[in-house]
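Down below is the structure, laid out as structure tokens.
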Amino acid sequence: MEIESLIKSKVRDVRDYPKEGIVFKDITPLLKDGKAFSACVDAFADLIKGRNIDAIAGIEARGFLVGSALSYRTGIGFVPIRKKGKLPADVISTSYSLEYGEAAMEMHKDAIRRGDDVLIVDDVLATGGSASAAVSLVNQLHGNVAALAFLIELGFLNGRKLLQGHEIISLARY
Ligand code: AMP
């Protein structure tokens with residue numbers, strides 16, 4: 001089966017979660033299917049094959065699942081981007097807006113080196129707010145964003161607009 005149809009057949013829509021009006025794309029049925037999960041990781045690996053990528057940066061929490069599997073598959077090291085207060089060593093930080101209020105994301109100062117080419121990974125591209133915060137962290141450390149990779153892109157939320165100038169890889173689009 002083509003990867004986009006495979007993902008769409010495995011992702012569960014949960015209506016009104018976490019609040020009314022949101023259709024949550026639940027990837028747990030996809031993760032539970034070992035063949036489908038492997039096919040997604042292999043698809044990402046094929047798309048970045050031959051490219052110079054020094055680090056895979058996963059956005060907490062579901063970006064860790066996809067990102068660390070891709071790290072194992074490619075042998076490229078994994079870097080966590082976490083919510084404020086979770087990382088133990090020296091961090092850099094960036095704040096970003098949520099629908100209501102603000103949040104902050106952090107990365108270890110020594111997570112990437114100046115000039116590193118970094119692939120940012122998450123499960124879903126929605127409004128692009130968290131992905132653009134991740135871009136800003138990589139840029140603060142003078143890294144280059146090689147591309148951003150998502151299992152799912154919610155095209156109607158126009159997340160690409162916030163990420164203009166960056167290559168976006170998404171395996172399934174809604
Ligand atoms: P964004 O609006 O692009 O900043 O998305 C915020 C975070 O919430 C991302 O890490 C997404 O994985 C997650 N997210 C946002 N909207 C959805 C949705 N409809 N279904 C599943 N996850 C979502």
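Coordinate-derived values only; no laboratory data. This structure is a prediction, so every number in the text was calculated from the model and none was measured. All Cβ positions, even for glycine, are placed from backbone atoms using ideal geometry, and neighbour counts span all protein chains on display.
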Considering the convex hull of the alpha carbon atoms of the chain, report its projected area averaged over all viewing directions, in nm², one decimal.
9.9
Kindly put Lys10, Lys161 in sequence by how many other C-beta atoms sit within 10 Å of each C-beta, fewest to most.
Lys161, Lys10
Roughly how many debye, to the nearest 20, is the charge dipole of the chain about its Cα centre, given +1 on each Lys and Arg Cβ, -1 on each Asp and Glu Cβ, and no other charges?
120
Partner aspartates and glutamates for Lys84 [C-alpha distance under 18 Å; skip if fewer than 8 residues away on the same chain]:
Glu60, Glu99, Glu102, Glu106, Asp110, Asp122
Stretch Ser97-Glu4 to full length: gain in nm at 0.36 nm per residue minus the Cα-Cα span?
30.5 nm
Estimated distance in nm for a label pair at Arg12 and Ala104, the labels positioned 7 Å out from Cα along Cα-to-Cβ
3.6
Hey, got the dipole for the stretch 65-119? About the Cα centre, +1 on K and R Cβ, -1 on D and E Cβ, debye to the nearest 20?
160
Given only helices, namely DSSP H runs of n ≥ 4 each adding -39500 (n - 2.57), what is the per-residue ellipticity at 222 nm of the chain, to the nearest 500 deg cm²/dmol?
-9500 deg cm²/dmol
Pick out which of Leu98, Leu148, Leu30 has the largest mean-square fluctuation in a Gaussian network model of the chain, springs linking Cα atoms closer than 10 Å.
Leu98
Distance between modelled label sites at Gln164 and Lys49, nm, 7 Å Cα→Cβ extension:
3.4
With unit charges on the beta carbons (Lys and Arg positive, Asp and Glu negative) and the dipole taken about the Cα centre of the chain, which residue among Ile76, Leu31, His108 sits farthest to the positive side?
Leu31
Run the reach check for Lys10 against lysines, Cα to Cα strictly under 30 Å, same-chain hits fewer than 8 apart removed. What comes back?
Lys19, Lys25, Lys32, Lys35, Lys49, Lys83, Lys161
Can you give the FRET efficiency for Glu20 and Gln140, using 1/(1 + (r/R0)^6), R0 = 41 Å, r = Cβ-Cβ distance, to the nearest 0.05?
0.70
Return a whole-number percent for the relative contact order of the stretch 32-163, with Cα pairs under 8 Å and 6 or more residues apart as the contact set.
23
